[in-house]
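Each remark here refers to the structure printed beneath this line.
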Amino acid sequence: MYIVVDLNRCQGYAQCVFLAPKVFELHGEEALMYLTRVPEDQQDPVRRAVAACPVQAITVGGAAGAGN
(Lines give C-alpha, C1' and ligand atoms only; values in the text may rest on other atoms or scores of the structure.)
Protein backbone atom coordinates (compact mmCIF):
# COMPACT_ATOMS: atom_id res chain seq x y z
CA MET A 1 0.00 0.00 0.00
CA TYR A 2 1.19 3.46 -0.90
CA ILE A 3 -0.12 6.81 0.27
CA VAL A 4 0.07 10.36 -0.96
CA VAL A 5 -0.85 13.36 1.13
CA ASP A 6 -2.00 16.49 -0.66
CA LEU A 7 0.00 18.95 1.41
CA ASN A 8 -1.88 21.86 -0.16
CA ARG A 9 -5.10 20.43 1.22
CA CYS A 10 -3.71 19.27 4.61
CA GLN A 11 -4.57 21.73 7.36
CA GLY A 12 -2.48 20.09 10.09
CA TYR A 13 -5.35 18.67 12.14
CA ALA A 14 -2.99 15.74 12.88
CA GLN A 15 -5.68 13.07 13.13
CA CYS A 16 -3.41 10.87 11.01
CA VAL A 17 -0.53 11.34 13.46
CA PHE A 18 -2.69 10.20 16.38
CA LEU A 19 -4.10 7.20 14.51
CA ALA A 20 -0.95 6.01 12.71
CA PRO A 21 2.07 7.49 14.50
CA LYS A 22 4.48 5.01 12.91
CA VAL A 23 3.60 6.38 9.46
CA PHE A 24 2.76 10.06 10.04
CA GLU A 25 4.76 12.55 12.06
CA LEU A 26 4.51 16.29 12.58
CA HIS A 27 7.68 18.34 12.58
CA GLY A 28 6.99 21.67 14.16
CA GLU A 29 3.39 22.77 14.16
CA GLU A 30 2.43 22.08 10.56
CA ALA A 31 5.13 20.15 8.67
CA LEU A 32 3.78 16.66 8.06
CA MET A 33 6.27 13.90 7.29
CA TYR A 34 5.06 10.44 6.28
CA LEU A 35 6.11 7.14 4.81
CA THR A 36 4.88 6.79 1.25
CA ARG A 37 5.10 2.98 1.40
CA VAL A 38 3.01 1.71 4.30
CA PRO A 39 4.37 -1.30 6.19
CA GLU A 40 1.92 -4.20 6.24
CA ASP A 41 1.41 -3.97 10.00
CA GLN A 42 0.41 -0.29 9.65
CA GLN A 43 -2.21 -0.62 6.93
CA ASP A 44 -5.22 -0.76 9.26
CA PRO A 45 -4.11 2.31 11.26
CA VAL A 46 -3.52 4.17 7.98
CA ARG A 47 -6.99 3.26 6.71
CA ARG A 48 -8.42 4.69 9.94
CA ALA A 49 -6.30 7.82 9.45
CA VAL A 50 -7.56 8.22 5.88
CA ALA A 51 -11.16 7.95 7.07
CA ALA A 52 -10.55 10.42 9.90
CA CYS A 53 -8.83 13.13 7.86
CA PRO A 54 -11.29 16.05 7.98
CA VAL A 55 -10.10 17.48 4.65
CA GLN A 56 -9.56 14.13 2.87
CA ALA A 57 -5.95 14.95 2.06
CA ILE A 58 -4.69 11.34 2.14
CA THR A 59 -4.96 9.13 -0.93
CA VAL A 60 -4.31 5.40 -0.72
CA GLY A 61 -3.21 3.21 -3.59
CA GLY A 62 -1.75 -0.17 -4.20
CA ALA A 63 1.67 -0.91 -5.57
CA ALA A 64 2.33 0.63 -8.99
CA GLY A 65 1.30 -1.86 -11.65
CA ALA A 66 -0.16 -4.31 -9.12
CA GLY A 67 -3.72 -3.46 -10.06
CA ASN A 68 -4.91 -2.94 -6.47
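The values are calculated or read from the model by the stated rules, or taken from the named source; none is laboratory data. Only a predicted model underlies this, so the values are computations on that prediction, with no experimental measurement involved. With ideal geometry, Cβ positions are generated from the backbone for all residues, glycine too; neighbour counts draw on all protein chains shown. Quick note on the areas: whole protein, heavy atoms, side chains included, nothing else; ligands and nucleic acids left out. Shrake-Rupley method; radii C 1.70, N 1.55, O 1.52, S 1.80 Å.
Working from label points 7 Å from Cα in the Cα-to-Cβ sense, the E29 to N8 distance is 2.4 nm. Using a Gaussian network model of the chain whose springs link C-alpha atoms within less than 10 Å, name the residue from A20, A49, A57 with the highest mean-square fluctuation. With Cα springs under 10 Å in the chain, the top fluctuation among A20, A49, A57 is at A57. Sequence-ordered 3J(HN,Hα) estimates for region 26-39 from the Karplus curve with 6.51, -1.76 and 1.60 and θ = phi - 60° stand at 9, 10, x, 8, 9, 7, 8, 10, 7, 7, 6, 9, 8, x Hz, glycine and proline given as x. Working note: 222 nm ellipticity from helices only, DSSP H runs with n ≥ 4, each -39,500 (n - 2.57), summed and divided by the residues of the chain, gives -5500 deg cm²/dmol to the nearest 500. Rolling a 1.4 Å probe across all protein chains gives R47 an accessible area of roughly 120 Å².
Could you point to the label whose value was computed as log10 I(q)/I(0) by the Debye sum over Cα atoms at q = 0.16, 0.29 Å⁻¹ for the structure here, given (1) -0.76, -1.11; (2) -0.47, -1.45; (3) -0.63, -1.17? Among (1) -0.76, -1.11; (2) -0.47, -1.45; (3) -0.63, -1.17, the one derived from this structure is (2).
Placing +1 at every Lys and Arg Cβ and -1 at every Asp and Glu Cβ, with all other atoms neutral, what dipole size does the chain have around its Cα centre, in debye to the nearest 20?
Details: 5 positive and 7 negative charges, 32 e Å.
Result for the chain is approximately 160 debye, rounded to the nearest 20.
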